[in-house]
Amino acid sequence: MQARQEDYRYVSEGRYTADRDLVDSLKLEVSTQAPSQDSALKRTAATIVKTLERSYGSYIPASKLEELDGIPDRILMTDGESLRAVGTYWHEERKGRQNTEYMIGTVYREGSIVHITDPRNIWDGLSPDNKKMLMGDGVESGEVMKRGYIGLILATELTHEIVHLYQAPMLPETFFECGARWYTEAILKMQEYSSILSLGDQERIDFYQTLLDRYGDDVHHLFFNNSLGFERRTEILEEITPELSEQLFPAEIFSPKI
(Lines give C-alpha, C1' and ligand atoms only; values in the text may rest on other atoms or scores of the structure.)
Protein backbone atom coordinates (compact mmCIF):
# COMPACT_ATOMS: atom_id res chain seq x y z
CA MET A 1 0.00 0.00 0.00
CA GLN A 2 2.95 2.31 -0.70
CA ALA A 3 1.87 5.50 -2.48
CA ARG A 4 4.15 7.03 -5.05
CA GLN A 5 4.23 10.52 -6.57
CA GLU A 6 2.59 9.22 -9.73
CA ASP A 7 -0.35 7.96 -7.64
CA TYR A 8 -1.47 11.56 -7.11
CA ARG A 9 -3.52 13.42 -9.72
CA TYR A 10 -3.27 16.94 -8.21
CA VAL A 11 -0.06 18.34 -6.71
CA SER A 12 0.24 21.90 -5.41
CA GLU A 13 2.23 23.43 -2.56
CA GLY A 14 2.80 20.12 -0.85
CA ARG A 15 -0.84 19.00 -1.10
CA TYR A 16 -1.72 15.83 -2.97
CA THR A 17 -4.93 14.34 -4.30
CA ALA A 18 -4.93 10.59 -4.81
CA ASP A 19 -5.47 9.19 -8.26
CA ARG A 20 -8.62 7.14 -8.70
CA ASP A 21 -6.56 4.00 -9.41
CA LEU A 22 -4.86 4.27 -6.01
CA VAL A 23 -8.23 4.47 -4.23
CA ASP A 24 -9.60 1.60 -6.32
CA SER A 25 -6.63 -0.55 -5.27
CA LEU A 26 -7.41 0.21 -1.61
CA LYS A 27 -11.04 -0.74 -2.21
CA LEU A 28 -9.99 -4.12 -3.60
CA GLU A 29 -8.02 -4.77 -0.40
CA VAL A 30 -10.39 -3.61 2.32
CA SER A 31 -13.76 -2.33 1.04
CA THR A 32 -16.99 -3.91 2.31
CA GLN A 33 -18.75 -2.68 -0.83
CA ALA A 34 -19.23 -4.91 -3.83
CA PRO A 35 -18.09 -3.16 -7.03
CA SER A 36 -21.70 -3.17 -8.21
CA GLN A 37 -22.70 -1.11 -5.14
CA ASP A 38 -19.96 1.48 -5.56
CA SER A 39 -21.90 3.59 -8.04
CA ALA A 40 -24.69 4.21 -5.51
CA LEU A 41 -22.15 5.44 -2.94
CA LYS A 42 -20.60 7.73 -5.54
CA ARG A 43 -23.99 9.19 -6.41
CA THR A 44 -24.67 9.93 -2.76
CA ALA A 45 -21.28 11.59 -2.37
CA ALA A 46 -21.79 13.60 -5.57
CA THR A 47 -25.10 14.95 -4.28
CA ILE A 48 -23.48 15.98 -0.99
CA VAL A 49 -20.59 17.70 -2.79
CA LYS A 50 -22.94 19.49 -5.18
CA THR A 51 -25.11 20.76 -2.31
CA LEU A 52 -22.11 21.89 -0.26
CA GLU A 53 -20.41 23.72 -3.12
CA ARG A 54 -23.64 25.32 -4.31
CA SER A 55 -24.42 26.61 -0.81
CA TYR A 56 -20.95 27.48 0.50
CA GLY A 57 -18.71 27.54 -2.56
CA SER A 58 -18.35 31.32 -2.42
CA TYR A 59 -16.42 30.93 0.86
CA ILE A 60 -14.10 28.19 -0.45
CA PRO A 61 -10.84 29.13 -2.22
CA ALA A 62 -10.70 28.22 -5.91
CA SER A 63 -7.52 26.23 -5.27
CA LYS A 64 -9.37 24.09 -2.72
CA LEU A 65 -12.23 23.44 -5.15
CA GLU A 66 -9.69 22.35 -7.76
CA GLU A 67 -7.86 20.14 -5.26
CA LEU A 68 -11.05 18.40 -4.16
CA ASP A 69 -12.50 17.83 -7.61
CA GLY A 70 -13.62 14.21 -7.96
CA ILE A 71 -14.34 13.44 -4.30
CA PRO A 72 -16.92 10.73 -5.18
CA ASP A 73 -14.06 8.69 -6.69
CA ARG A 74 -12.14 8.87 -3.41
CA ILE A 75 -14.63 7.37 -0.95
CA LEU A 76 -13.50 4.28 0.96
CA MET A 77 -16.00 2.25 3.01
CA THR A 78 -14.76 -0.57 5.23
CA ASP A 79 -15.47 -2.31 8.51
CA GLY A 80 -14.29 -0.59 11.68
CA GLU A 81 -11.19 -2.72 12.09
CA SER A 82 -9.96 -1.89 8.59
CA LEU A 83 -10.71 1.79 9.09
CA ARG A 84 -8.55 1.86 12.20
CA ALA A 85 -5.77 -0.11 10.50
CA VAL A 86 -5.67 2.05 7.36
CA GLY A 87 -6.22 5.21 9.39
CA THR A 88 -3.31 4.43 11.70
CA TYR A 89 -1.06 3.67 8.71
CA TRP A 90 -2.07 6.74 6.74
CA HIS A 91 -1.91 9.24 9.57
CA GLU A 92 1.38 7.91 10.93
CA GLU A 93 3.07 7.51 7.55
CA ARG A 94 1.85 10.94 6.44
CA LYS A 95 3.00 12.47 9.74
CA GLY A 96 -0.54 13.25 10.85
CA ARG A 97 -1.70 12.72 14.40
CA GLN A 98 -5.10 11.25 15.08
CA ASN A 99 -6.44 8.83 17.65
CA THR A 100 -8.11 6.05 15.67
CA GLU A 101 -9.33 3.95 18.60
CA TYR A 102 -12.95 5.12 18.48
CA MET A 103 -13.00 6.49 14.96
CA ILE A 104 -15.84 5.61 12.60
CA GLY A 105 -14.84 8.07 9.90
CA THR A 106 -11.84 10.14 8.88
CA VAL A 107 -10.28 12.04 6.02
CA TYR A 108 -6.76 11.68 4.68
CA ARG A 109 -5.76 15.22 3.78
CA GLU A 110 -2.76 14.04 1.85
CA GLY A 111 -4.69 12.23 -0.81
CA SER A 112 -8.05 13.99 -0.17
CA ILE A 113 -9.65 10.62 0.62
CA VAL A 114 -12.79 10.08 2.72
CA HIS A 115 -12.86 6.86 4.74
CA ILE A 116 -16.00 5.78 6.59
CA THR A 117 -17.20 2.73 8.48
CA ASP A 118 -19.83 0.67 6.71
CA PRO A 119 -23.11 1.84 8.33
CA ARG A 120 -24.27 -1.79 8.45
CA ASN A 121 -21.44 -2.43 10.92
CA ILE A 122 -22.57 0.53 13.00
CA TRP A 123 -26.10 -0.88 13.00
CA ASP A 124 -24.76 -4.27 14.09
CA GLY A 125 -23.06 -2.56 17.03
CA LEU A 126 -26.30 -1.15 18.41
CA SER A 127 -27.82 -2.81 21.45
CA PRO A 128 -30.85 -5.10 20.95
CA ASP A 129 -33.01 -2.60 22.84
CA ASN A 130 -31.97 0.25 20.54
CA LYS A 131 -32.64 -1.85 17.46
CA LYS A 132 -36.07 -2.83 18.74
CA MET A 133 -36.90 0.80 19.50
CA LEU A 134 -35.92 1.82 15.95
CA MET A 135 -37.51 -1.12 14.13
CA GLY A 136 -40.74 -1.54 16.07
CA ASP A 137 -42.55 -4.88 16.35
CA GLY A 138 -43.55 -5.69 12.78
CA VAL A 139 -41.01 -7.77 10.86
CA GLU A 140 -41.65 -6.25 7.43
CA SER A 141 -42.01 -2.67 8.63
CA GLY A 142 -39.01 -3.23 10.91
CA GLU A 143 -36.79 -4.10 7.95
CA VAL A 144 -37.91 -0.95 6.17
CA MET A 145 -37.07 1.12 9.24
CA LYS A 146 -33.71 -0.63 9.52
CA ARG A 147 -32.79 0.15 5.91
CA GLY A 148 -33.89 3.75 6.39
CA TYR A 149 -31.83 4.17 9.53
CA ILE A 150 -28.75 2.64 7.90
CA GLY A 151 -29.24 5.10 5.02
CA LEU A 152 -29.33 8.02 7.45
CA ILE A 153 -26.15 6.79 9.16
CA LEU A 154 -24.43 6.68 5.78
CA ALA A 155 -25.62 10.15 4.78
CA THR A 156 -24.55 11.63 8.12
CA GLU A 157 -21.14 9.93 8.17
CA LEU A 158 -20.37 10.80 4.59
CA THR A 159 -21.51 14.42 4.80
CA HIS A 160 -19.60 15.02 8.04
CA GLU A 161 -16.31 13.72 6.64
CA ILE A 162 -16.71 15.51 3.29
CA VAL A 163 -17.24 18.78 5.19
CA HIS A 164 -13.95 18.16 7.01
CA LEU A 165 -12.14 17.94 3.66
CA TYR A 166 -13.24 21.49 2.85
CA GLN A 167 -12.38 23.08 6.19
CA ALA A 168 -9.45 25.46 6.45
CA PRO A 169 -6.31 24.35 8.32
CA MET A 170 -5.01 25.64 11.63
CA LEU A 171 -8.29 26.07 13.48
CA PRO A 172 -9.26 24.88 16.99
CA GLU A 173 -10.78 21.42 17.07
CA THR A 174 -13.83 22.60 18.97
CA PHE A 175 -14.57 25.15 16.23
CA PHE A 176 -14.28 22.80 13.29
CA GLU A 177 -16.04 19.87 14.99
CA CYS A 178 -19.01 22.06 15.92
CA GLY A 179 -18.93 23.51 12.42
CA ALA A 180 -18.82 20.10 10.76
CA ARG A 181 -21.93 19.07 12.66
CA TRP A 182 -23.73 22.31 11.79
CA TYR A 183 -22.92 22.02 8.07
CA THR A 184 -23.82 18.32 8.04
CA GLU A 185 -27.26 19.06 9.44
CA ALA A 186 -27.75 22.02 7.08
CA ILE A 187 -26.70 20.08 3.97
CA LEU A 188 -28.91 17.10 4.80
CA LYS A 189 -31.88 19.37 5.50
CA MET A 190 -31.43 20.84 2.02
CA GLN A 191 -31.82 17.29 0.72
CA GLU A 192 -34.83 16.73 3.01
CA TYR A 193 -32.97 14.25 5.21
CA SER A 194 -32.43 14.14 8.94
CA SER A 195 -28.98 13.72 10.41
CA ILE A 196 -28.15 11.16 13.07
CA LEU A 197 -27.04 13.06 16.18
CA SER A 198 -24.72 11.59 18.76
CA LEU A 199 -24.85 12.51 22.44
CA GLY A 200 -24.18 16.24 22.82
CA ASP A 201 -24.34 17.07 19.10
CA GLN A 202 -27.34 19.38 19.36
CA GLU A 203 -25.51 21.54 21.89
CA ARG A 204 -22.51 21.71 19.52
CA ILE A 205 -24.75 22.69 16.61
CA ASP A 206 -26.46 25.33 18.75
CA PHE A 207 -23.11 26.84 19.73
CA TYR A 208 -22.06 27.16 16.08
CA GLN A 209 -25.44 28.75 15.30
CA THR A 210 -24.75 31.26 18.08
CA LEU A 211 -21.48 32.19 16.36
CA LEU A 212 -23.34 32.67 13.08
CA ASP A 213 -25.96 34.84 14.78
CA ARG A 214 -23.24 37.06 16.28
CA TYR A 215 -20.68 37.21 13.49
CA GLY A 216 -22.62 36.35 10.33
CA ASP A 217 -20.86 35.21 7.17
CA ASP A 218 -17.45 35.79 8.76
CA VAL A 219 -17.93 32.42 10.48
CA HIS A 220 -18.29 30.69 7.10
CA HIS A 221 -15.22 32.55 5.83
CA LEU A 222 -13.25 31.41 8.86
CA PHE A 223 -14.32 27.79 8.59
CA PHE A 224 -13.70 27.36 4.89
CA ASN A 225 -10.73 29.64 4.17
CA ASN A 226 -9.42 31.20 7.40
CA SER A 227 -9.00 34.49 5.54
CA LEU A 228 -10.29 36.91 8.17
CA GLY A 229 -8.11 39.63 9.57
CA PHE A 230 -6.32 38.88 12.83
CA GLU A 231 -8.66 40.96 15.02
CA ARG A 232 -11.88 39.46 13.64
CA ARG A 233 -10.49 35.92 13.70
CA THR A 234 -9.41 36.40 17.32
CA GLU A 235 -12.78 37.89 18.27
CA ILE A 236 -14.62 34.81 17.00
CA LEU A 237 -12.23 32.21 18.37
CA GLU A 238 -12.09 33.85 21.80
CA GLU A 239 -15.67 32.60 22.20
CA ILE A 240 -14.15 29.11 22.53
CA THR A 241 -12.80 28.96 26.06
CA PRO A 242 -11.21 25.86 27.60
CA GLU A 243 -14.26 25.55 29.81
CA LEU A 244 -16.62 25.62 26.83
CA SER A 245 -14.54 23.06 24.95
CA GLU A 246 -14.71 20.73 27.95
CA GLN A 247 -18.46 21.28 28.20
CA LEU A 248 -19.05 20.55 24.52
CA PHE A 249 -16.55 17.70 24.24
CA PRO A 250 -16.04 16.13 27.69
CA ALA A 251 -12.70 14.33 27.59
CA GLU A 252 -13.97 11.32 29.50
CA ILE A 253 -16.81 10.57 27.09
CA PHE A 254 -15.92 12.24 23.80
CA SER A 255 -14.78 10.14 20.90
CA PRO A 256 -14.72 11.34 17.28
CA LYS A 257 -17.67 9.33 16.04
CA ILE A 258 -20.10 10.91 13.61
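The values are calculated or read from the model by the stated rules, or taken from the named source; none is laboratory data. All of these numbers come straight from a predicted model, not from anything done at the bench. No Cβ is skipped: glycine too gets one built from the backbone with ideal geometry, and neighbour counts run over all protein chains shown.
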When the stretch 183-196 is checked residue by residue, the ones that are part of a loop (DSSP other than H, G, I, E, B) and in contact (Cβ under 8 Å) with a residue 12 or more places away in the chain are Q191, Y193, S194, S195, I196
Checking S227 against (1) of a type in the set (S, T, Y); (2) at pLDDT below 95; (3) crowded, with 16+ Cβ neighbours inside 10 Å, which test does it fail?
-> (3)
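Looking at the stretch 194-221, which of its residues are of a type in the set (V, I, T) and modelled with pLDDT under 95?
I196
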From the list I153, I162, which one is touching a helix residue (DSSP H, G or I) at 6+ places or on another chain (Cβ under 6 Å), farther than 22 Å from L222 by Cβ, of a type in the set (V, I, T) and surrounded by 13 or more Cβ atoms within 10 Å (Cβ to Cβ)?
-> I153
Within the stretch 30-68, which residues are free of Cβ contacts under 8 Å to residues at least 40 places away in the same chain and charged (D, E, K, R)?
-> D38, K42, R43, K50, E53, R54
Unmet criterion (only one of (1) closer than 25 Å to S63 by Cβ; (2) in a helix (DSSP H, G or I); (3) in contact (Cβ under 8 Å) with a residue 40 or more places away in the chain; (4) of a type outside the set (K, R)) for A180 | (3)
Hey, does the stretch 59-67 have a residue that's within 12 Å of F224 (Cβ to Cβ) and not in a helix (DSSP H, G or I)?
-> yes
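Among Y215, Y208, which is within 25 Å of E53 (Cβ to Cβ), free of Cβ contacts under 8 Å to residues at least 24 places away in the same chain and aromatic (F, W, Y)? So that I can check it myself, show each step before the final result.
Numbers: Y208 fails: free of Cβ contacts under 8 Å to residues at least 24 places away in the same chain.
That would be Y215, the only listed residue that is within 25 Å of E53 (Cβ to Cβ), free of Cβ contacts under 8 Å to residues at least 24 places away in the same chain and aromatic (F, W, Y).
Table: residues versus (1) surrounded by 14 or more Cβ atoms within 10 Å (Cβ to Cβ); (2) among the hydrophobic types (A, V, I, L, M, F, W, C); (3) under 17 Å from the mean Cα position of the chain (by Cα).
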{"position": "L28", "(1), (2), (3)": "no, yes, no"}
{"position": "I48", "(1), (2), (3)": "yes, yes, yes"}
{"position": "L52", "(1), (2), (3)": "yes, yes, yes"}
{"position": "K64", "(1), (2), (3)": "yes, no, yes"}
{"position": "P72", "(1), (2), (3)": "yes, no, yes"}
{"position": "L83", "(1), (2), (3)": "yes, yes, yes"}
